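Novice: First the structure, then my questions, so here it is.
Laboratory data are not the source of any read-out in this text; all were calculated from the coordinates shown. Just so it is clear, the structure is predicted and the values come from calculations on it, not from any experiment. Ideal geometry is used to build each Cβ from the backbone, glycine not excepted, and the neighbour counts take in all protein chains shown.
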Ligand code: NPQ
Ligand code: MG
């Protein structure tokens, strides 16, 4: 395949409700889409970087810039390009995993569409539907939280994840556990808001029968997670800390993580995400698929990934309606059984609805070997 151009397109999508975490509140997404134009057809990628560098150092303007300025010239210089080459070619540049992942996803979609292969089968899927969990943001008061959780359970979600932060943790989670009863799968995500001194406080969560505590400490505090794992009975799951298969293995071997959340954007692409999966599977560590408030494009790819064998816990792969009144693609819906079907068509198996795409696009630039055309 020859890469002929990259379209860097920005879309604006309002969330159905504000999403608050320990690092901030989001009401609208400003999302970078990447379209790879090749001699074998086009493919779509989605960059999961947020507007501001809060979850990780990446942010959407920076991702767009690094793709245009550094990644595109390297990829255009290749006489032929396969998706499996992208990560190695871009490895000369430090960091920017979400930007790299978006470009790889677009090239991979083009390649698989041309070959007539679905992303799920290419990655090694063993399921045609995956159980759906939902991530519930921090709310102003506990009544609102309980109402939201009950709403998601009524929708059919099979697992609830509560965002927590210091001061809005044990009592809130206890209120939810008391309301939903002992059988609902429940877990929490701190997005790195605690310190290792909070071990005794977080141990109060043990009696609430949670599946896991996700990323209590800062991403680089692997040693702190080891200490915490010895103070808390609830399994520790890492998200932000795990930026590669190599780090996944290190976290597991050192006892920092008993479960791992896999996000392709965080580890530099869906192919590295499979490597993280394989590393965890070999170590007997269960994984689940995280979410970054994706459009239907990223949602399709996450469902394909979540169909791999070691994804034994429900992920943050929610239906489109959890986030969007109007999704960019045909919406993903929750089945009666709380599962979502894995797309089966070539590549991602979905594409942007042209009218929706037009309506929400705020800017588009085409980057080609000869130069750049289009807006900001
Ligand atoms: C997590 N996601 O697991 C992230 C955090 C997160 C579904 O809980 C805009 C874009 C806002 C990405 C807020 C979920 C976001 C975002 C939170 C990701 O840690
Ligand atoms: Mg998380």
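Novice: Taking only the C-alpha atoms, wrap a convex hull around region 224-376 and report its volume per residue in Å³ as a whole number.
Specialist: 167 Å³
Novice: A further question on this structure: On average, how much area does the Cα convex hull of region 218-258 cover when viewed from any direction, in nm²?
Specialist: Spelled out: convex hull of the Cα atoms, projected over all directions, averaged, 2.5 nm².
Novice: Specify the angular offset, from 0 to 90 degrees and rounded to the nearest 10, of the alpha carbon long axis of helix 222-231 from the longest principal axis of the alpha carbons in the chain.
Specialist: 30 degrees
Novice: Between residue 233 and residue 359, what length in nm is gained on full extension when 0.36 nm per residue of separation is reduced by their alpha carbon distance?
Specialist: Taking residue 233 through residue 359 to full extension adds about 40.4 nm, to one decimal.
Novice: Rounded, prolate or oblate: pick one for region 93-234, where a ≥ b ≥ c are the square roots of the eigenvalues of its C-alpha gyration tensor, a/c under 1.5 means rounded, and failing that, prolate if a/b is larger than b/c, else oblate.
Specialist: Cα axes put region 93-234 in the oblate bin.
Novice: Please compute the modelled spin-label separation between residue 39 and residue 88, points set 7 Å along Cα→Cβ, answer in nm with one decimal.
Specialist: The modelled label-to-label distance comes out at 2.1 nm.
Novice: Follow-up. Give the shape of region 74-115 as rounded, prolate or oblate, defined through the alpha-carbon gyration tensor: a ≥ b ≥ c are the square roots of its eigenvalues, a/c under 1.5 means rounded, and otherwise the shape is prolate if a/b is larger than b/c and oblate if not.
Specialist: In terms of gyration-tensor shape, oblate.
Novice: Rounded if a/c is under 1.5, else prolate if a/b is larger than b/c, else oblate: which is region 38-156, with a ≥ b ≥ c the root eigenvalues of its Cα gyration tensor?
Specialist: It is oblate, given that a/c is not under 1.5 and a/b is not larger than b/c.
Novice: Sticking with this one: Restricting everything to alpha-carbon atoms, can you work out Rg to Rh for the chain with a Kirkwood hydrodynamic radius?
Specialist: Rounded to two decimals, Rg/Rh equals 0.96.
Novice: Label points 7 Å out from Cα along the Cβ direction at residue 78 and residue 12: separation in nm?
Specialist: With each label placed 7 Å out from Cα toward Cβ, I get 3.5 nm.
Novice: Express the relative contact order of the chain as a whole percentage, based on alpha carbon pairs under 8 Å and six or more residues apart in sequence.
Specialist: The value is 22 percent.
Novice: So, one more: Expressed in nm to one decimal, what extension gain is obtained for the pair residue 201 and residue 330 from 0.36 nm per residue of sequence separation less their Cα-Cα distance?
Specialist: Full extension of this stretch gives 42.0 nm more.
Novice: Given C-alpha coordinates of region 242-322, what is the ratio Rg to Rh with the Kirkwood estimate of Rh?
Specialist: Over the Cα atoms of region 242-322, Rg/Rh equals 0.96.
Novice: Against the globular-protein guess of 2.2 N^0.38 Å, express the Cα radius of gyration of region 290-346 as a ratio, rounded to two decimals.
Specialist: Rounded to two decimals, the normalised Rg is 1.05.
Novice: If you restrict to DSSP beta bridges whose two residues both lie in the chain, what percentage is antiparallel, to the nearest 5?
Specialist: Given both bridge residues lie in the chain, the antiparallel proportion sits at roughly 60 percent.
Novice: Moving to a separate point now. Tell me the label-point distance for the pair residue 28, residue 366, using the 7 Å Cα-to-Cβ offset, in nm and rounded to one decimal.
Specialist: About 2.8 nm separates the two model spin labels.
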